[in-house]
Each structure stands twice: as C-alpha cells, then as structure tokens.
Amino acid sequence: MVRGIDHLRDPRLNKGLAFTLEERQALGIHGLLAAKFKSQEEQLDICRISIDRYEDNLNKYLYLIELQDRNEKLFFRLLSENVEKYLPIVYTPTVGLACQRFGLIYRRPRGLFITINDKGHIFNILKNWPEPDVRAIVFTDGERILGLGDLGAYGMGIPVGKLSLYTALAGIKPHQCLPITLDVGTDNQDLLEDPLYIGLRQRRVRGKEYDEFIDEFMEACVQRYGQNTLLQFEDFALLNAGRLLQKYRNKYCTFNDDIQGTASVAVAGMMAAVRVTKRKLGENIYMFLGAGSASNGIANLIVAAMMSEGLTERQARERVYMFDVDGLLSTRREGGVPEHAKAFGKDIEPEKDFEACVAKIKPSCLIGCSTVGGAFTPNVLKQMAKNIERPIIFALSNPTSKAECTAQDAYDHTEGRCIFASGSPFPPVQHNGKEYYTGQGNNSYIFPGIALGVIATATHHIPETMFLTAARTLANYVSESDLAIGRIYPSLAEVKDVSLAIAIEVAKMAYDEGLASVYPEPKDITKHIENQMYNYNYESSMPVVWDWKPEEKFNVRPIQPVPKNI
C-alpha cells in the first residue's frame, strides 16, 4: 500500500481536499491539507469556474493538462461529463495549436519519445515505461499532424489527446494507455531553426532505415506487452500511412485512425443522411477533393457499404471520383493516377478546374479532405445545389482554418438545402429565420468504442468490416430530432453511450469471426465490458478490512513443560 505524501504527489491517487479525516490520519497526510473537506462534486464546480475564467483556448488546454498531471480522476470526470464543452479543447481544434506551441508548453514527461538513434534498442526503452499493463498504444511520427503538416516531435500532443479520449469517452483505464512519438527528424525548416524545438534537429530519415525502425518498434511492442496490444497509427503522412497499414494489418492488432476512423465516421454520416435525402448510398455520386489516405479510406468504406446494398465492387467504384492537386484522377492525365488511388482513376478527359468537374460530373455528395481552407467556393456550393435537391457537403479537414467551407457558407450558397458535416466544430447556422446545429464528423465517435471492444475481448486483428459495423451503430444513434435541426450525428454529449454501443457490437463481431482471445466467451457481453471500464469517481484510500466470525469455544488444556528427552 502506498502511504504518506505519495498520495498527494501521484495523480492517480490524489483526491485533494476530498481525503476524509480517517484517510488523512491513516495515511500520514493530516496537516498537509487545509482543514476543509470538499467532495469531488464540489471540486468539479471549482474546476468549471476556474477554466471559464480563461478566454484563450490554449490557456484552457494548459489548465486541463495540469489538472490531469495533478488529479487524474477529477480530470477525466470533468471531461467525461462536459464532452461538448471541453472536447474542442483537449482535441480538435485546440490540440493543433498546442502541438504548434509544444516546445513552449512542455512541462513534464507524458508518454515515450523513441528516436531513430535508438534503433536496435527500442525494447529497452519500452521497459523504461513504469506501467507493465499497457493494452493500447497510440503513436505518431509527427509528419502530418492534422492539417498542419510536419511538426516532428511536437506531434506528441496528438497521441496524448487521443488517449485522453480513450478514457473520457470509452472508460479505458488510463494506466493501460501509452502515447509514443517516433522521432525520425523533421523536414520542417522552421522547426529545425526553432530554439524551443524538443526533437532531433535533423532531416527526416526515410527508406530502408525508416522501415526497419518501424518494424523493430512493432515487434518490440508485442514483445513487451503481448500480441493483442492495440497499436493505433496516428497522423502519418500519405507516403507511409496506407502502405504501413497494409503491411501490418494482418500481423498485428492495429488500425490507422486517419484512414479507417475517419472513413467510419464519414460513412456513418452518409448512412444517417439517407433518412433525409431518401437516396440509398448506391444512388449517390461522390466527389472527393483530395486523394490522400483519408479520402481513400472513406472511399473504400463507402464502396463496402454500397456493396452491402447489392452493388458489385465495380459498380460501386464507378460512383466515386477524386480530384487532387493535379486535377481529376484520370488515367489520361499526364503522369496518370497515383499508385495509392489507382482504384478510383477514371478513363475520362482530364480536368484541372474543380468547379468545372463539379458541374460536369454532377456529384450529389462532395467530400473535402484537402486541408485547403475555403476550397469549396460559393460557385462550387451553388453548383452542388443545382446538381441535386439535397446535396451532401462534408468539409472534413482539420483544424477549423483548414475546413473547405464553413457551415454558414454551405447553407447560404445551397439555399439552405444542404446536409452538412465538418471535421471541426462550427457555431449554429442562421438561415432564413431558422437555426441549424450542424454535425461534426469527429473520429472521437468511433475510435474509443472500437478500442474498448477490442481491448475487452483481446481481439488479435481488426478487419475493415469492424469499421463498417461501427459506422452503422453510430448512424443508428442519430435521432429524428437530430435530423430536424440539421445534424447527422448525435450530440457529443451522447458519445459515451455511443462508444459503449460500438464496443458491444465490435465485441460480438470479434467472437462471431473468431478474432477474440478472451475465453470462455462472456455470457453477458455488455456486463463484461462495463466491468472493465474506468471508475471516474474517487475510491477509498483505506485498506480493505473485514471481521472474522468468533471462534468456537473449546476447553483448551494448560501448556505442559516439554519433556527433557525431546
């Protein structure tokens, strides 16, 4: 049992003024705290007042991170009970700014930094992490942080933020989560010259040495924590994201949230939109602005969803078009179609004018993954309104400044007829005297629930169909009242319930397909998952004590002297 001052210094154990008199005396911390006793509820009220005093979101972020460093349960309870209010602080869009300022705000170690110079010794570094019971690792090499590009070691804010949501939104125990940054250098010249930069001051390592480094990392993780350890790729650049997913997906329990999580939440929005447009998924024409890993992930899952409606794979792929920096993905264009997007190349005339493509192809659904702010111009949006009665507009790039259009612009330039979703939050839209609360296609609807289901069943691989299952589950959570106010996702206040529902469906699927390693299969999947979830409330710091029943009465003989011959 941990005693004394460690209960105040360890954020997992610290309860501040909530320690009872009995606990203070037994633990030897009486007098180290002020005399007043404050419940966790009273402390939550103080936290809310304190954070509201800050006007700048980065200062709010710093307050929350410092609270996590001081009192873990209070932090996670505050976040889990105020998701709509604080999710944009600990996650997008504020986390992007936190990453850009990471050298300035870095205070204490949180997670592991493993550098290319540690190649050959990664397992030894993993052994330095003090917690042996790690079930989930979120890791990045920092090359494509949100829509901000190469932030190198500053990208650590992303795996830290993601894992905070694992706990706050899905109840995964925080000690089971490990954020890691793989530092192979940076090609960001500004960072290389930044005196505050905390990473390796060198150009990015690529090629064979990089691949060997990632191979060693993956092997070391399962050697240290077991084959069922969940390994989540986060914010890897296009050059590596897709190929590494294909390389490892059948060897490890792994997924790439930027590809598969983004795809799942986007397809969930499409499924919910069907109830408004009255068009099946297979009746839409899809146009993507951007042909990177996120676009390909969404497109492939949409194809799978259309096939579940009865289309062949060829028929489904024919309904998907992509437009990148070199124009429409046409097999006739100079340079052809990039290897990673060949499945969506079309044998049509090349076109470099995006607005002209929208007019010619007449998509009913426009999906932005370009990180080009304002790319959905008024003319493009007006053309979408001409193409179809209820156009679907998804401006998914993060952070907010990178969104292809604002929610207000989408409504204003489609005569209020659009169905809109974005990657980052937008304020309510006023149009023709009506107020709309647009949906945020946030990956946090998906990845915490997937992770909880996978961890609870010790699933050893994550097939693509799990993300389609998660999408359907999320879409089913959208109510008629949500749709009435323009929202194709449930309120973020419901995300904990959504995460549990996704975890349950993922767990069922894991057993149905022979992917689970927890045996025997629990009779009650829901109860099994709930029993493993984190308790956000303070627990007693006193040791567990119990009484024994009274002994039976016997006539005990008096002690006799021991005979000398023994």
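The values are calculated or read from the model by the stated rules, or taken from the named source; none is laboratory data. It should be emphasised that the depicted structure is a prediction, and the values quoted were computed from it without experimental measurement. Cβ: placed from backbone, ideal geometry, glycine included. Neighbour counts: every protein chain shown. The area values use the complete protein model at the heavy-atom level, side chains included, leaving out ligands, DNA and RNA. Shrake-Rupley method; radii C 1.70, N 1.55, O 1.52, S 1.80 Å.
Starting from residues that are in a loop (DSSP other than H, G, I, E, B) and touching a strand residue (DSSP E or B) at 6+ places or on another chain (Cβ under 9 Å), keep the ones in the stretch 368-387 and report whichever is least open to solvent (accessible area, probe 1.4 Å).
Applying the filter and picking the extreme gives Phe376.
Quick check: anything in the stretch 172-194 of a type in the set (A, V, I, L, M), out of contact with any Ser or Thr (no Cβ under 8 Å at 6 or more places or on another chain), crowded, with 23+ Cβ neighbours inside 10 Å and at pLDDT below 95?
No; the residues of the stretch 172-194 include none that is of a type in the set (A, V, I, L, M), out of contact with any Ser or Thr (no Cβ under 8 Å at 6 or more places or on another chain), crowded, with 23+ Cβ neighbours inside 10 Å and at pLDDT below 95.
Among the listed residues Ala220, Ala241, identify the single one that is in contact with a Ser or Thr (Cβ under 6 Å, 6 or more places away or on another chain), open to solvent by less than 10 Å² (accessible area, probe 1.4 Å) and of a type in the set (Gly, Ala, Ser).
Every option except Ala241 fails the conditions.
Leu44 - would you say it is among the hydrophobic types (A, V, I, L, M, F, W, C), in contact with a helix residue (DSSP H, G or I) (Cβ under 8 Å, 6 or more places away or on another chain) and within 18 Å of Pro88 (Cβ to Cβ)?
For Leu44, the condition - among the hydrophobic types (A, V, I, L, M, F, W, C), in contact with a helix residue (DSSP H, G or I) (Cβ under 8 Å, 6 or more places away or on another chain) and within 18 Å of Pro88 (Cβ to Cβ) - is not met.
If Thr414 meets every condition in (1) touching a Leu at 6+ places or on another chain (Cβ under 8 Å); (2) within 16 Å of Ile485 (Cβ to Cβ) apart from one, which number is that one?
(2)
Per-residue answers, yes or no, for (1) open to solvent by 10 Å² or more (accessible area, probe 1.4 Å); (2) at pLDDT 95 or above; (3) assigned to a loop (DSSP other than H, G, I, E, B):
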site: Asp133; (1), (2), (3): yes, yes, yes
site: Val138; (1), (2), (3): no, yes, no
site: Ile145; (1), (2), (3): no, no, yes
site: Asp150; (1), (2), (3): yes, yes, yes
site: Gly157; (1), (2), (3): no, no, no
site: Leu165; (1), (2), (3): no, yes, no
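Across the stretch 313-341, what is the total count of residues that are open to solvent by 70 Å² or more (accessible area, probe 1.4 Å), more than 28 Å from the chain's Cα centre (by Cα) and over 18 Å from Phe467 (Cβ atoms)?
Going through the stretch 313-341 one residue at a time, the tally reaches 8.
Tell me the residue from Ile46, Ile105 that is among the aliphatic types (A, V, I, L, M) and modelled with pLDDT under 95, please.
On inspection, the qualifying residue turns out to be Ile105.
Across the stretch 21-43, what is the number of residues that are without any contact (Cβ under 8 Å) to a residue 24 or more places away in the chain and among the polar types (S, T, N, Q)?
2
Could you list all residues from the stretch 119-131 that are touching a strand residue (DSSP E or B) at 6+ places or on another chain (Cβ under 7 Å) and not in a helix (DSSP H, G or I)?
Trp129
Does Glu552 meet the test of being closer than 21 Å to Leu165 by Cβ and either under 21 Å from the mean Cα position of the chain (by Cα) or free of Cβ contacts under 8 Å to residues at least 60 places away in the same chain (or both)?
no
Being assigned to a loop (DSSP other than H, G, I, E, B) and of a type in the set (Lys, Arg), is that true of even one residue in the stretch 109-118?
Yes, there is a match, as at least one residue in the stretch 109-118 is assigned to a loop (DSSP other than H, G, I, E, B) and of a type in the set (Lys, Arg).
So which residues in the stretch 69-96 are modelled with pLDDT of 95 or more, crowded, with 16+ Cβ neighbours inside 10 Å, assigned to a helix (DSSP H, G or I) and not aromatic (Phe, Trp, Tyr)?
Selection gives Glu72, Lys73, Leu74, Arg77, Leu78, Leu79, Ser80.
Out of all the residues in the stretch 372-393, which are touching a Pro at 6+ places or on another chain (Cβ under 8 Å) and among the polar types (S, T, N, Q)?
The answer is Asn387, and nothing else.
Residues that are surrounded by 21 or more Cβ atoms within 10 Å (Cβ to Cβ) and aliphatic (A, V, I, L, M), at least 1 per element: which helices (runs of 4 or more DSSP H) completely within the stretch 429-528 meet that?
Answer list for the stretch 429-528: 447-457, 464-476, 495-512.
Can we say Glu66 is open to solvent by 20 Å² or more (accessible area, probe 1.4 Å) and closer than 27 Å to Leu148 by Cβ?
Yes.
From the list Asp194, Asp183, Asp187, Asp235, which residue is farther than 29 Å from Gly290 by Cα and of a type in the set (Asp, Glu)?
Asp194
With the requirement that a residue be among the hydrophobic types (A, V, I, L, M, F, W, C), assigned to a loop (DSSP other than H, G, I, E, B) and over 14 Å from Arg70 (Cα atoms), what does the stretch 1-53 give you?
If the condition is that a residue be among the hydrophobic types (A, V, I, L, M, F, W, C), assigned to a loop (DSSP other than H, G, I, E, B) and over 14 Å from Arg70 (Cα atoms), then Met1, Val2, Phe19, Ile29, Leu32, Leu33, Ala34, Ala35, Phe37 are the ones that fit.
Given the structure, is Thr331 among the hydroxyl-bearing types (Ser, Thr, Tyr) and modelled with pLDDT of 95 or more?
Criteria not met by Thr331.
Please go through the stretch 342-367 and give me each residue that is in a helix (DSSP H, G or I), open to solvent by 20 Å² or more (accessible area, probe 1.4 Å) and under 24 Å from Lys386 (Cα atoms), ordered by number.
Passing the criteria: Phe354, Glu355, Ala356, Ala359, Lys360, Ile361.
Could we say that Asn240 is in contact with a His (Cβ under 9 Å, 6 or more places away or on another chain) and either in a loop (DSSP other than H, G, I, E, B) or within 22 Å of Gly157 (Cα to Cα) (or both) here?
Here the answer is no, as Asn240 does not meet what is asked.
With the requirement that a residue be farther than 20 Å from Phe354 by Cα, open to solvent by 10 Å² or more (accessible area, probe 1.4 Å) and either touching a Pro at 6+ places or on another chain (Cβ under 9 Å) or not small (Gly, Ala, Ser) (or both), what does the stretch 290-312 give you?
Asn300, Met307, Glu309, Leu311, Thr312
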